Amino acid sequence: MTSDPRMPSRRDMLLFLAASAVAGGESRALASPLTAADQSDLRGAIDAVEYRAIPESGNRKTRNLQQMIEQAARENVPVFLPPGTYRVSNLTLPDNTRITGVPGASRIVYTGEGHLFAAENVRRIELSNLVIDGGNRWLGDYAGGLLQFTGVDEVLIDNCEIGGSRKHGLQLERCGGRIERSRISGAAQSGLYAVDSTTLSLIGNTVSDCGNGGILVHRWKKAEDGTVVSGNRISNIRANDGGTGQNGNGINIFRADGVMVVNNQISNCAFTAIRANSASNIQISSNQCRRSGETAIYVEFAFEGAVVSANMIDGAANGISIANFDEGGRLASVTGNVVRNLTLKGPYQHEVGFGIGIAAEADTLISGNVIEGAPRWGLQIGWGPYLRNVVVTGNVVRKAPVGCAVSVADGAGTAVITDNIFQETAEGAVLGFQWEKKVSGEMAGGGAPYAQLTVERNRVS
C-alpha cells in the first residue's frame, strides 16, 4: 500500500515538535524552525515559530504576529500557535483570519496598550483552542471589550478561554456567527456583549465571575434579532455598578426580538437569571435557574409575545414576572414551570414586594405550573388597574400565605381562575386585592363578587 503524500513524515513531526518545545512554561524557537514546506506538510498552517512570534513582550513581537496573521489570511490558511505565552497587544484581524492553538497551552496575554484583538467590517474571523488573558490591564477608551468585533458577518470562536478583561470579555456589534464551547470569566462588565446581531448563536459556553452581567443580547433600537442562547452555564454574576435590574443578570435580552433562551444552567446571579426587557417573541424554555437575588425570570416593559415554559426555578426573591402592561407589556404563555424556595428579601425596595411565585398582568395564560414555598403570594394576577385577560388554570400552589392574589382595583379587567389546587395557604387561596390591600374574603370555591372575575372548581386543602 502506498503512503498518503499528505501525511507528515516522522522527520517532519520530530522537527515540528522540536521547534515548538516548551521550556519553563514558555515556548522557545530552537535552532531549526520549520520551513514553509514542512508546515504545509504538517498542517497547511503558518507556524508562529517561522516569524519568531515567540514568548516575549514588546512591539516587535506584536508586529511579527500581525504580519503572520495578515499573510495567512491572504494565503487562505490558518495560523497555528504552538504551546507557549505570546505577550502582545493592538492586533487588528483582517478578513479570513483563522488562529488556532493547543487547548490550554497556547496563551495570548494582553500587554495593556489599547486593545488585544479587534476587527471591523470583514466577512469572517475564526479563533479556536486559545487561552486569551487580559490580565485586568487598562483598555483604551475606544475598546469596549478585550476582544472587539464590529460588522463581522461570521465570528467563529470555539474552545477558547477568555479572562481578565477590564470591560466586556467579548464585544460583538453587528455580527453574526457562532460562539461555542468557550469559557469566559473575570470580566469587569459582562462576559459576552452582543448588540445588533444577525444570525448569532451562543452555544455551550461557560460564563462566570463577572462584575455586571453574563450574556447580554441588546439592540440600539427595538428590532428583529433572532439570536439563539442555548446550553450555556452561567454563574456568579455580580452587580458591581448597582441599579435595580440593569446589572447583575445571567442572561439579559434588551430590545432584541425573536430570541431563544433555552437549556441554560444559571446560578448565583445578583439579580435575574434571565431578564427580557422590551423583547418581543421571546422563548425562555427548559432553563435551570438557581439562587437568583431578585426575580429569576423577568419579562418586562414594551414586549408583545413571550413563551416561558418548562423552567426549573429554585431559590429567588420572585419566581417569574410578566410585567409592565402600563408600558405595553402583554401576550404571554407561562406553562409547565416549577418554582420553589423563594424569599421575602430582595436587593432593593420594591413597590409590589418580593416572595411571589408567578406574576402576570395582561393577555397571559398561566397553566400547569407548580409553585411551592412562596412566602408572600403564590400567584399575583394584575396590579392595580393593570389587569386584562389572564387565565389561571391547572396550577398547583403549596405553602404560600396567599395562594392567588388577584387585582380588583378600579379599572382592573378580566381574569379566569379555575381548576387549580391550593394547599397550605393559611390566609386564603384566592383573594381580591386593591393594590397591596386585601379587600375580599375567600373566593376559591366560586361565586366571586366581582363581575370581571370567573373563579370556579378550585380545590383547597
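The values are calculated or read from the model by the stated rules, or taken from the named source; none is laboratory data. Given the structure is predicted, the values throughout are model-derived calculations rather than measurements. We place every Cβ from the backbone using ideal geometry, glycine too, and count neighbours over all the protein chains shown. Heavy atoms of the whole protein, side chains included, go into the accessibility calculation; ligands, DNA and RNA do not. Shrake-Rupley method; radii C 1.70, N 1.55, O 1.52, S 1.80 Å.
As a summary of the residue check, Asn337 satisfies the conditions (1) touching a Gly at 6+ places or on another chain (Cβ under 7 Å); (2) crowded, with 18+ Cβ neighbours inside 10 Å except for the one numbered (1). Is one or more of the residues making up region 150-157 outside any loop (DSSP other than H, G, I, E, B) and farther than 27 Å from Val77 by Cα? Checking region 150-157: not a single residue is outside any loop (DSSP other than H, G, I, E, B) and farther than 27 Å from Val77 by Cα. Within region 280-308, the set of residues being crowded, with 18+ Cβ neighbours inside 10 Å, of a type in the set (Gly, Ala, Ser), more than 16 Å from the chain's Cα centre (by Cα) and part of a strand (DSSP E or B) comprises Ala306 only.
Sub-9 Å Cβ pairs linking a first residue in region 441-461 that is more than 15 Å from Ile381 (Cβ to Cβ) and among the aliphatic types (A, V, I, L, M) to a second residue that is open to solvent by 30 Å² or more (accessible area, probe 1.4 Å) and part of a loop (DSSP other than H, G, I, E, B), at least 6 apart or interchain, are Val460/Glu442; Val460/Gly445, ordered by first then second residue. Looking at Gly373 and the list (1) more than 19 Å from Gly446 (Cβ to Cβ); (2) open to solvent by less than 10 Å² (accessible area, probe 1.4 Å), which single condition is not satisfied? The one condition Gly373 does not meet is (2).
For region 218-279, the strands (runs of 3 or more DSSP E) that sit wholly inside it and include 1 or more residues that are under 11 Å from the mean Cα position of the chain (by Cα), farther than 19 Å from Asn324 by Cβ and touching a residue at least 12 places away in the same chain (Cβ under 8 Å) are 228-230, 233-237, 249-257, 260-262, 265-269.
Going by what's in this entry, would Ala118 be described as hydrophobic (A, V, I, L, M, F, W, C), in contact with a Cys (Cβ under 8 Å, 6 or more places away or on another chain) and farther than 18 Å from Val229 by Cα? The answer is no for Ala118. A Cβ distance below 8 Å, combined with a sequence gap of six or more or placement on separate chains, defines the contacts here; from region 56-85, residues that are on the phi > 0 side of the Ramachandran plot reach residues that are at pLDDT 85 or above in the pairs Gly58/Arg87; Asn76/Asn96; Gly84/Ala105; Gly84/Ser106; Gly84/Arg107. Among the residues of region 162-207, those identified as surrounded by fewer than 20 Cβ atoms within 10 Å (Cβ to Cβ) and either among the hydroxyl-bearing types (Ser, Thr, Tyr) or touching a helix residue (DSSP H, G or I) at 6+ places or on another chain (Cβ under 8 Å) (or both) are Ser185, Thr198, Thr199, Ser201, Thr206.
For region 383-403, taking the residues that are surrounded by 24 or more Cβ atoms within 10 Å (Cβ to Cβ) and touching a residue at least 40 places away in the same chain (Cβ under 8 Å), the one that is farthest from Ile313 (Cα to Cα) is identified as Leu387.
Only one entry of Ile184, Ile125 meets the criterion of being in contact with a Lys or Arg (Cβ under 9 Å, 6 or more places away or on another chain) and assigned to a strand (DSSP E or B), and that entry is Ile125. Scanning region 98-114 for residues that are under 16 Å from Thr62 (Cα atoms) and either open to solvent by less than 20 Å² (accessible area, probe 1.4 Å) or in contact with a Cys (Cβ under 8 Å, 6 or more places away or on another chain) (or both) returns Ile99, Ser106, Ile108, Val109, Tyr110, Gly114.
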